[in-house]
1. Can you give me the number of residues within the stretch 354-389 that are assigned to a loop (DSSP other than H, G, I, E, B), at pLDDT below 85 and surrounded by 16 or more Cβ atoms within 10 Å (Cβ to Cβ)?
2. Pull up the stretch 307-328, narrow it to residues that are outside any strand (DSSP E or B) and under 28 Å from the mean Cα position of the chain (by Cα), then point me to the one that is modelled with the lowest pLDDT.
3. Can you name every residue in the stretch 22-75 that is more than 24 Å from PRO4 (Cβ to Cβ), open to solvent by 80 Å² or more (accessible area, probe 1.4 Å) and under 36 Å from the mean Cα position of the chain (by Cα)?
4. Mind listing whichever residues of the stretch 472-519 are assigned to a strand (DSSP E or B) and in contact with a Gly (Cβ under 6 Å, 6 or more places away or on another chain)?
5. Name the single residue that is nearest to LEU433 (Cα to Cα) among those in the stretch 298-327 being buried (at least 23 other Cβ atoms within 10 Å of the Cβ) and among the aliphatic types (A, V, I, L, M).
6. Among residues belonging to the stretch 573-599 that are within 25 Å of THR559 (Cβ to Cβ) and open to solvent by less than 10 Å² (accessible area, probe 1.4 Å), point out the one that is modelled with the lowest pLDDT.
7. Could you list all residues from the stretch 391-413 that are of a type in the set (Gly, Ala, Ser) and either at pLDDT 85 or above or open to solvent by 60 Å² or more (accessible area, probe 1.4 Å) (or both)?
Amino acid sequence: MNEPLLRKSLLGIAVAGLAAGLAGVLGVQLPLPSESVWALATLPVIAALAVSIFRDVFAGRLGVDAIALLSMTAALLFDEALAAVVVASMYTGGNVLEDYARGRAERDLKALTDRSPRIAHRRSGERFESIPVEQVSVDDELMVRAGEVLPVDGVLLDDARIDESAITGEPFPMVCKRGDALRSGTVNAGEMFHMRASALAGQSTYAGIVRMVEAAQTARAPFIRMADRFALILLPLTLMVAALAWYASSDPIRALAVLVVATPCPLILAAPIAFIAGVSRAARHGILMKGSTALEALAKARTAVFDKTGTLTYGGAQLVEMEVAPGRDSDELFGLLASLEQASHHVLADAIVALAKNRGLNLFRPERVVEYRGSGLKGIVCGVSVSAGSQSLILAGRDLPAWAERIVARYKGQPALAVYVAVDERLVAILVLGDGLRADAVDALSRLRRAGITRSLMLTGDDAETANRIGGTLGFDRIVADASPADKVRLIKAETLAAPTMMVGDGINDAPALATATVGIAMGARGATASSEAADVIVLTDHLGPVADAVAIAHRTTTIAKQSIVVGLALSGAAMIAAAFGLITPVAGALLQEGIDVAVILNALRALGGDQILKARYG
């Protein structure tokens, strides 16, 4: 029998015995006296608890459950069977409530693991066969039906609509085009499409997420381990208070009442539930934390170090600025350029085409395209001669027109690439492409400062001029350029010695620094890279905002856990003193302690919510 079912069964026995005994007191004819019924209903709980404690002691652990065993056993020895069955009912009820609270807190994590893809439809000749996802090989052609979960990472062979909400938290389906990269675990939100597998099931994005979720459910934070150790102090303290109360009053019932109000301990319940709730809530927002340890470390962070490329910036060619000739339409010219670039295999051409698609522009098939290696290309688009490339190719020694001089001068010497566009041999537009700053970078850093980050640094392998151009507007305390992976590790070690430090990065070269920091955060939207494996926290969306969300959730979770522990222990301590002075009976003490436990658990579950509070405080 599994533990949750056993706990429910014991609760049913205790409650049924309590109710039957009370019925006997009220005059209902019973085969046994009410006291005997209450004692018999308590014995299974005592037996199960004794076995559990013996198992824990054999494994080198001893918790405050021992107090529950002592209080029920003492109650039966002192002919307080009603108090014993009430303690049994309250104790088993608290355990069942804890199971419910833990299950609710883990629901979002369990939802991730339960939806793991299991079946794939693989092309076999002229038909498709359904196979276990473990049998998919790289380069297999797969069919994904409407509403199905993508089985492995791959490349799209058709157009499709993909729902990434389970992984990234993004509520709206994305429109994807042929050649786009797909991630396992996402859902086909449109019609059936075909894809080509690019990774085995065990190496795909979702498999990595599931492994990290399993680690998150088993890892225990230092805070929780400390709470367990501190709980051991309560056992001898409770016995000492009970003994003093008995000695001072010569009344063993007072000692029993002390034992009863100390059963069980809010310290044991509060921290695990709060931390699991926090990890679960982060998963809802596209933030995967590798257990409670990562969450606690994030709450302590006071220094933030950011990689540049792919972290503070998009990590690819972005349109920084576009200047067009007077009287020309920028969308029309961008569409002509992107249509022409479809015929090029240059990396920059792919970026321009992608930018045009993101802007919703219609692209047309180019004709008679001639590519000049390293300079640009020319062709016909919709009957119009279009050429794009370097200044020397497009102008052929002619002077810049006045409207173009400003943008050329503005980016002279900057780490950006200018693309000159001509229509019918006349310059009509200049596009400046570069690795642009993320749109939410300024806001994310501002929110991090409000969340307690007192020092921020940018760390990059790029040259100082590029680093200052990107980081100059973000208010960093220090910008470090020309840094090798070894340099990054040395800097992170130095910062970590001064204060708990979080490192945010996305590339393989960031993995050593992420592993060195107090807590490493990987921008993992583009797949499970080495940086994701080395990090403690994975941001599954392609935005910086969740980094600030993660810190805010960590702070709120640890605050709630501490509140629950301090308030719970204070109330239990006050009840023990009251019981020692004879102000609380054993039965009343059991009911009071159960109220304290319920309050502690409900307070810990607050870590599941609080979006409005976090938005008001940090956002």
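The values are calculated or read from the model by the stated rules, or taken from the named source; none is laboratory data. Small disclaimer: the values here were computed from a predicted structure and weren't measured. So basically every Cβ, Gly included, is an ideal-geometry build from the backbone, and we count neighbours across all protein chains shown. SASA here: full protein model, heavy atoms, side chains in, ligands and nucleic acids out. Shrake-Rupley method; radii C 1.70, N 1.55, O 1.52, S 1.80 Å.
1. Number of matching residues: 0.
2. Our first condition is that a residue be outside any strand (DSSP E or B); within the stretch 307-328, this holds for 308-312, 314-317, 325-328.
Still in the list and also under 28 Å from the mean Cα position of the chain (by Cα): 308-312, 314-316.
Details: LYS308: 83, THR309: 77, GLY310: 76, THR311: 83, LEU312: 84, TYR314: 75, GLY315: 69, GLY316: 66.
By that ranking, first place goes to GLY316.
3. none
4. Step one: filter the stretch 472-519 for residues assigned to a strand (DSSP E or B), giving 478-480, 501-505, 519.
Passing the criteria: ILE479, MET503.
5. Kept after step one, since they are buried (at least 23 other Cβ atoms within 10 Å of the Cβ), are these residues of the stretch 298-327: 298-299, 301, 304-308, 311-312.
So of that shortlist, the ones also among the aliphatic types (A, V, I, L, M) come out as 298-299, 301, 304-305, 312.
Working: LEU298: 35, ALA299: 38, ALA301: 35, ALA304: 29, VAL305: 26, LEU312: 16 Å.
My answer is LEU312.
6. Going through the qualifying residues, I end up with ASP597.
7. SER392, ALA396, GLY397, ALA402, ALA404, ALA409, listed by residue number.
Quick grid of which residues meet (1) open to solvent by less than 30 Å² (accessible area, probe 1.4 Å); (2) modelled with pLDDT under 85; (3) closer than 30 Å to PRO586 by Cβ:
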| residue | (1), (2), (3) |
| --- | --- |
| ARG161 | no, no, no |
| ASP180 | no, no, no |
| ALA197 | yes, no, no |
| ALA221 | yes, yes, no |
| ARG229 | no, yes, yes |
| ALA243 | no, no, yes |
| PRO252 | no, no, yes |
